[in-house]
Amino acid sequence: MYGFWRCFTISNKELLINEEIRDKEVRVIDADGSQLGVIPTKDAQKIALEKNLDLVKIAPQATPPVCRIMDYGKYRFEQAKKEKEAKKNQKTMDVKEVRLSLNIDVHDFDTKLNHAKKFLAGGDKVKVALRFRGREMAHPELGEAIVKRFIESCSELGSVDKLPKMEGRSMVAFISPKNAK
């Protein structure tokens, strides 16, 4: 008959469980936290199986390795829950892009500026990109003037991370919110 491996599919790479443990002897901690002492691995697996729990190697570097009898599925669930809670509490900073053009009108400029201010107030970085088309490539200084005017208009809410720089056919600058620093 084939051997039956419990919980083989839910184990991860950090912790070995049940039949994955290959040591001859292990120090065993019971489910309630009491020490069972140093016993052969097969006996420890039998004890865990009788209690309908898993034998989990928690300290492989120790001599002999330390194993704990616990419900591994429940342990993994608790760990995932803690990670999810920690992730929920951290603020992620997105990069929002505002695209300008060389012949942008005053009202369009103000509209883009209001969008950028809203992004900065929300705690996001802003990427200002001005795309040059055709013969506009001959006048990068005009584009730089527009981008610098845009940056100055955002100065009360954000500070410049990266000054305007040509990247291919676009001039790009980054503004980060002042309250994020």
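Taken together, the values in this text are just the output of simple stated rules run on the coordinates, not laboratory data. Since the model is a prediction, treat every value here as computed from it, not as a measurement. A quick note on method: Cβ atoms are made from the backbone with ideal geometry, for glycine too, and the neighbour counts reach across all protein chains shown.
For ASP71, ASP43, the sequence from fewest to most other C-beta atoms within 10 Å is ASP43, ASP71. Coupling constants for the range 64-81 follow from the phi torsions by the Karplus curve (6.51 cos²θ - 1.76 cosθ + 1.60, θ = phi - 60°), and in residue order they are x, x, 9, 10, 10, 8, 7, 7, 5, x, 5, 4, 4, 4, 4, 4, 5, 5 Hz; glycine and proline get x. Counted over the range 95-180 with a bin width of 10 Å, the fraction of Cα pairs per bin, in whole percents, is 20, 54, 24, 3.
Averaging the sequence gap over all C-alpha pairs within less than 8 Å and six or more residues apart, then dividing by the number of residues, gives the chain a relative contact order of 14 percent. Here the chain is treated with +1 on each Lys and Arg Cβ and -1 on each Asp and Glu Cβ, and its dipole about the Cα centre works out to around 320 debye.
The chain: longest stretch without exposed GluC sites (Glu not before Pro) (DSSP loop, at most 14 other Cβ within 10 Å), sites themselves excluded?
Details: sites that count: GLU14, GLU156.
Looking at the chain, 15-155 is the longest stretch - no exposed GluC sites (Glu not before Pro) with at most 14 other Cβ atoms within 10 Å.
Using only alpha-carbon positions in the chain, the gyration tensor eigenvalues give semi-axes of 63, 17, 14 Å once each is multiplied by 5 and square-rooted (largest first).
Restricting the trypsin sites (Lys or Arg not before Pro) of the range 27-116 to loop positions (DSSP other than H, G, I, E, B) with no more than 11 neighbouring Cβ atoms within 10 Å leaves LYS91. A convex hull fitted around the alpha carbon atoms of the range 16-88 yields 94 Å³ per residue. For the pair GLU97 and SER159, a Förster radius of 25 Å applied to the C-beta separation gives a FRET efficiency near 0.90, rounded to the nearest 0.05. Applying 1/(1 + (r/R0)^6) with R0 = 45 Å to the Cβ-Cβ distance of LYS117 and GLU83 gives a FRET efficiency near 0.85. From helices alone, the chain scores -10500 deg cm²/dmol at 222 nm; the rule is -39500 (n - 2.57) for each run of n ≥ 4 DSSP H residues, then divide by the residue total. Coupling constants for the range 134-147 follow from the phi torsions by the Karplus curve (6.51 cos²θ - 1.76 cosθ + 1.60, θ = phi - 60°), and in residue order they are x, 6, 4, 4, 6, 10, x, 5, 5, x, 5, 5, 5, 5 Hz; glycine and proline get x.
Mean separation of Cα pairs under 8 Å and 6 or more residues apart, divided by the residue count, gives the range 95-180 a relative contact order of 34 percent.
A simple rule links phi to the HN-Hα coupling: the Karplus curve 6.51 cos²θ - 1.76 cosθ + 1.60 with θ = phi - 60°, which for the range 172-177 gives 10, 9, 10, 10, 10, x Hz, with x for Gly and Pro.
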